[in-house]
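So the structure is just underneath, and the comments pick up after that.
The values are calculated or read from the model by the stated rules, or taken from the named source; none is laboratory data. Not measured: the values here are computed from a predicted model. Here the Cβ is made from the backbone with ideal geometry for all residues, glycine too, and neighbour counts use every protein chain on show. For the accessible areas, the whole protein counts, side chains as well, though only heavy atoms, and no ligand, DNA or RNA atoms are used. Shrake-Rupley method; radii C 1.70, N 1.55, O 1.52, S 1.80 Å.
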Amino acid sequence: MALQFAEPLNDGIFVIDTGFQRPRFDAAYLVVDQGRAAFIDTGTHFAVPRLLATLDDLGLARDAVDWVIPTHVHLDHAGGVGSLMRELPAAHMLVHPRGLRHMLDPSALWRGALAVYGEAEMARSYGSVVGVDAQRSTATHEGMVVTLGARRLRFADTPGHALHHHCVWDETSAGWFTGDTFGLSYREFDRDGRPWSLPSATPVQFDPVALRASIERLLQAQPQSVYLTHFGRVGEVPRLAAQQLETMQAMVEIGLRHRHAEARHARLREDLLALYLRSLRAHGSDFGDAEVARLLEMDVELNAQGLAVWLDRQ
């Protein structure tokens, strides 16, 4: 089976590289069971041809897709939902209740992202956002279960990265689709098959207390794997959770140390990058400082912004 943009994982799950920013940076997932399919996260508007091509590669008709499920409404996860839904006549969108209005009318979502990224980056990376028909949309709730073929998908409300974030538990694979709640783990940083991860504090709703509770809650299900949007399936879930919680505490301490500093943003960026460099060296990474700074440029910037917004809310 030749797949142009996707990689088969396990239990009917395929990870699709959406092409956002760089290879293996941003994922969408296609879950297939008994000929029925669901997309979990979609990437941006520009990713939609890759998602449709994966259906074609697998011999799945457009009307075989029952569900389109953004984990939250940040545009690297949900920017392509509206465009994708136009191509899938039987699909229904399932979204966190705090994100529903933004998916029906994405104008405020677009303006918020525009304020963070600027016009040039929005045009280059995100393209456009299309609203979803309210008749084809449902807000999820804590503990909600839907079926896909013979499998059950269960939703958990998981704030911390964003208030409009839910995670999806797949009973068949004993794994969570975690969006950004379980952080980021780029394959470039794997060493001897062992992944490295860091939390995502993207503005504007980062809450370290809530995020810690959400991560601990995900662990209660004893997952075999987590399926990250950034990027791919990872195991060693308890170790990565401990690493993220330790790193997040260090990030909070950096924020509090620079809370009233002049040039606060620059100081936050500098100390966050130093923290991640130390963590990667302990992990066994042999990347030079400049290469790490390049690969983590966006995350250092967004985590610094997220910390600053959190500090100003205190």
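Scanning for something open to solvent by less than 50 Å² (accessible area, probe 1.4 Å) and closer than 17 Å to Leu296 by Cβ, does segment 214-229 turn up at least one residue?
Initial filter on segment 214-229 (open to solvent by less than 50 Å² (accessible area, probe 1.4 Å)): 214-215, 218, 221, 223, 225-229.
Imposing the further condition that a residue be closer than 17 Å to Leu296 by Cβ reduces the set to 228-229.
There is at least one residue in segment 214-229 that is open to solvent by less than 50 Å² (accessible area, probe 1.4 Å) and closer than 17 Å to Leu296 by Cβ.
Please count how many residues of segment 165-205 are under 23 Å from Leu280 (Cα atoms) and among the aromatic types (Phe, Trp, Tyr). Write out each step before concluding.
Let us first name the residues in segment 165-205 that are under 23 Å from Leu280 (Cα atoms), namely 178-202.
Next, only the ones that are among the aromatic types (Phe, Trp, Tyr) stay: 182, 186, 189, 196.
Qualifying residue count, segment 165-205: 4.
Out of the residues in segment 236-254 that are out of contact with any helix residue (DSSP H, G or I) (no Cβ under 6 Å at 6 or more places or on another chain) and open to solvent by less than 10 Å² (accessible area, probe 1.4 Å), state the one that is farthest from Leu184 (Cα to Cα).
Once the filter is applied, the top-ranked residue is Met251.
Considering only segment 181-192, state which residues are more than 18 Å from Ala221 (Cβ to Cβ), in contact with a Leu (Cβ under 8 Å, 6 or more places away or on another chain) and in a loop (DSSP other than H, G, I, E, B).
Ser185, Tyr186
Looking only at segment 141-163, decide whether some residue is among the hydroxyl-bearing types (Ser, Thr, Tyr), open to solvent by 10 Å² or more (accessible area, probe 1.4 Å) and not in a loop (DSSP other than H, G, I, E, B).
Yes, there is a match, as at least one residue in segment 141-163 is among the hydroxyl-bearing types (Ser, Thr, Tyr), open to solvent by 10 Å² or more (accessible area, probe 1.4 Å) and not in a loop (DSSP other than H, G, I, E, B).
Within segment 181-208, count every residue that is open to solvent by less than 10 Å² (accessible area, probe 1.4 Å) and on the phi > 0 side of the Ramachandran plot.
1
Just to be sure before I move on: is Phe46 more than 13 Å from Leu148 (Cβ to Cβ), in contact with a Phe, Trp or Tyr (Cβ under 8 Å, 6 or more places away or on another chain) and among the hydrophobic types (A, V, I, L, M, F, W, C) in the structure I sent?
Yes; evaluated as a whole, the condition is true for this residue.
Could you count how many residues in segment 164-175 are closer than 24 Å to Pro208 by Cβ, assigned to a strand (DSSP E or B) and either open to solvent by 40 Å² or more (accessible area, probe 1.4 Å) or not aliphatic (A, V, I, L, M) (or both)?
Taking segment 164-175 as the starting set, the residues that turn out to be closer than 24 Å to Pro208 by Cβ are 164-169.
Pick out the ones that are also assigned to a strand (DSSP E or B) and you get 166-169.
Next cut, either open to solvent by 40 Å² or more (accessible area, probe 1.4 Å) or not aliphatic (A, V, I, L, M) (or both) only: 166-167, 169.
Number satisfying all stated conditions: 3.
Looking at Arg257 and the list (1) touching an Asp or Glu at 6+ places or on another chain (Cβ under 8 Å); (2) under 22 Å from Arg194 (Cα atoms); (3) loosely packed, with under 15 Cβ neighbours inside 10 Å, which single condition is not satisfied?
That leaves (2) as the condition not met.
Do we have Thr178 as part of a strand (DSSP E or B), open to solvent by 40 Å² or more (accessible area, probe 1.4 Å), out of contact with any Lys or Arg (no Cβ under 8 Å at 6 or more places or on another chain) and not aromatic (Phe, Trp, Tyr) here?
On the way: part of a strand (DSSP E or B): yes; open to solvent by 40 Å² or more (accessible area, probe 1.4 Å): no; out of contact with any Lys or Arg (no Cβ under 8 Å at 6 or more places or on another chain): yes; not aromatic (Phe, Trp, Tyr): yes.
Spelling it out, it is not the case that Thr178 is part of a strand (DSSP E or B), open to solvent by 40 Å² or more (accessible area, probe 1.4 Å), out of contact with any Lys or Arg (no Cβ under 8 Å at 6 or more places or on another chain) and not aromatic (Phe, Trp, Tyr).
Report, by residue number, each residue of segment 260-272 that is under 19 Å from Val292 (Cβ atoms), open to solvent by 40 Å² or more (accessible area, probe 1.4 Å) and among the aliphatic types (A, V, I, L, M).
Correct list: Ala266 only.
Given (1) of a type in the set (Ser, Thr, Tyr); (2) out of contact with any Ser or Thr (no Cβ under 7 Å at 6 or more places or on another chain); (3) in a helix (DSSP H, G or I), where does Ser279 come up short, assuming only one miss?
Failing condition for Ser279: (2).
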